[in-house]
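Read the structure below first, then the notes.
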Amino acid sequence: MPSTKQSEREELAEYRRLNVPLYNEKKLKLGLFSMNCSGGMIISQAPSSWTIDWDYHLKLARKADALDFEAYIPVARWRGVGGEMDFLGENYETFTYASAMAASTENIMTFATVHAPIVHPIVAAKAGATIDSVSAGRFGMNVVMGWLVPEFEMFGVQQRDHETRYEYGSEWIDVVDRLWSESEHFDFDGRFLQLKDAQARPKPIQPRPPILNAGNSPTGGAWAARHADFNFSSFADLEGARNYTREIKRVANEEHGRDIGVLTYGLVICRDTEEEAQAVHQQIIDMADWRAAHNWMSVLGVESGSFNEQMHGPLAEFFVAGAGAARVVGTPEQVVEQLGQINQAGMDGVMLGFLNWNEELDYFGERVLPLLTEAGLRG
Ligand SMILES: Cc1cc2nc3c(=O)[nH]c(=O)nc-3n(C[C@H](O)[C@H](O)[C@H](O)COP(=O)(O)O)c2cc1C
């Protein structure tokens with residue numbers, strides 16, 4: 001007879017297989033990421049149709065939904081990173097954004113991204129359960145520990161050292177899980193959190209809304225393997241992606257008896273010809289906001305060296321066009337090939353970004369999606 005834990009896991013897997021878009025039969029899951037922030041994945045002043053106007057965002061979410069994308073994931077950001085454009089400086093808050101999108105769409109999962117050290121777990125659990133109710137079970141939560149120090153200073157919150165922030169994260173997610181699943185009230189006496197008579201009703205509709213975590217360090221990856229349903233990760237090359245996805249799935253399985261998926265994000269520049277696509281990429285580089293890119297790289301701990309000497313090299317360009325995302329550039333056929341390679345490397349899904357979100361998503365739907373289906377990636 002399977003143990004209770006094992007049978008609970010099997011029940012959860014079965015529920016998800018039947019009801020949760022990110023667990024559908026499609027080989028390559030698709031979504032949008034970072035559309036709620038100015039700049040999105042592009043640290044450049046190349047002209048873009050992106051605007052903070054609500055109608056623009058509503059159209060985008062509905063289009064992604066109509067194209068049967070699985071996920072709509074905003075970035076948690078409270079301020080920009082400077083430069084002339086103040087990259088990411090204009091942004092919508094993610095729980096309210098996810099809730100509005102949940103009410104305006106039919107099938108796509110709407111995510112909130114939450115800074116665990118800034119948002120109390122009772123607030124996150126309650127907001128999450130509310131959005132799960134609004135969406136009839138399509139909510140997911142991207143839990144991040146945060147990395148932008150000025151953001152923490154803005155709140156008067158001290159960022160913990162790297163190891164400790166993930167220990168805190170473990171208590172934080174335990175509290176959320178208990179609030180989502182336990183009918184009895186409980187006291188919680190942790191190292192970081194002390195709660196008295198904690199309770200939350202209603203529970204989410206899903207047994208457990210999927211948890212993403214975007215930690216990419218060994219500690220972040222270990223946390224994801226233990227607590228998350230998907231790790232959300234960048235990668236330098238396909239070989240690195242292959243090793244990373246294999247290892248994190250192994251650790252989740254062997255050390256915690258659980259399954260984990262891995263998602264990544266990609267900036268798509270797709271045009272009728274390769275020359276046109278490369279020209280758009282070049283325009284993004286030519287109009288880069290190097291100061292903002294430099295600030296972004298410092299936030300990530302990337303050594304950019306002397307500002308003038310290093311800032312125009314390939315590494316900086318990688319951040320200008322993509323902000324760390326995979327760059328998927330070319331004709332529809334080439335884009336399909338590149339997305340297929342990322343999938344082959346163990347990434348279960350790619351969360352896309354564009355320069356002109358609404359217009360290019362239309363083009364993607366018309367020109368790329370049918371080819372992805374033909375290639376068996378969306379069948
Ligand atoms: C795909 C992806 C999405 C992320 N989203 C956010 C976010 O919305 N807000 C945020 O503060 N950090 C975000 N991060 C940063 C991560 O949470 C994390 O701090 C960073 O990857 C460093 O990993 P580490 O904490 O394991 O060192 C994201 C990172 C990645 C790769």
Long pairs among Lys26/Lys249; Lys29/Lys63; Lys29/Lys203, criterion Cα-Cα beyond 21 Å: Lys29/Lys203
The chain, Cα convex hull volume normalised per residue, Å³: 137 Å³
Listed residues Gly353, Gly221, Thr130: farthest to the positive end of the dipole of region 4-374 (Cβ charges): Thr130
Cα long-axis angle, helix 290-299 against the chain (0 to 90 degrees, to the nearest 10): 30 degrees
Top positive-direction residue, dipole computed over the chain with Cβ charges, set Val335, Val119, Ile173: Ile173
Tilt relative to the chain, helix 162-181 - C-alpha long axis, 0 to 90 degrees, to 10: 60 degrees
On Cα atoms only, tilt of 4-19 relative to the major axis of the chain in degrees: 40 degrees
Relative exposure of Val350, Val299, judged by other C-beta atoms within 10 Å (fewest first): Val299, Val350
Stretch gain in nm, segment Glu366-Ser104, where the contour uses 0.36 nm per residue and the Cα spacing is subtracted: 92.1 nm
Dipole magnitude of the chain, debye to nearest 20 (Cβ charges: Lys/Arg +1, Asp/Glu -1, about Cα centre): 880 debye
Qualifying trypsin sites (Lys or Arg not before Pro) in region 75-152, DSSP loop, other Cβ atoms within 10 Å at most 15: Arg79
Helix-derived mean residue ellipticity, 222 nm - over the chain, DSSP H n ≥ 4, -39500 (n - 2.57), to 500: -13500 deg cm²/dmol
Most positive-pole-ward Cα, Gly379, Trp54, Pro314, against dipole of the chain from beta carbon charges: Gly379
DSSP bridge orientation in the chain - percent antiparallel, rounded to nearest 5: 15 percent
Alpha-carbon centroid distance for the pair region 183-262 / region 321-343, whole angstrom: 27 Å
Sequence of Glu276, Glu254 once ranked by neighbouring C-beta atoms within 10 Å, starting from the fewest: Glu254, Glu276
Contact order relative to length of region 4-374, as percent, for alpha carbon pairs under 8 angstrom and 6 or more apart: 21 percent
Residue order, fewest to most beta carbons within 10 Å, for Trp290, Trp50: Trp290, Trp50
Under 17 Å from Lys196, Cα to Cα: aspartates and glutamates that are on another chain or at least 8 residues apart: Glu171, Asp174, Asp177, Glu182, Glu184, Asp187
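Rule-based calculations on the coordinates, nothing more; no lab input. Since the model is a prediction, treat every value here as computed from it, not as a measurement. Heads up, the Cβs are rebuilt from the backbone with ideal geometry, glycines too, and the neighbour counts pull from every protein chain shown.
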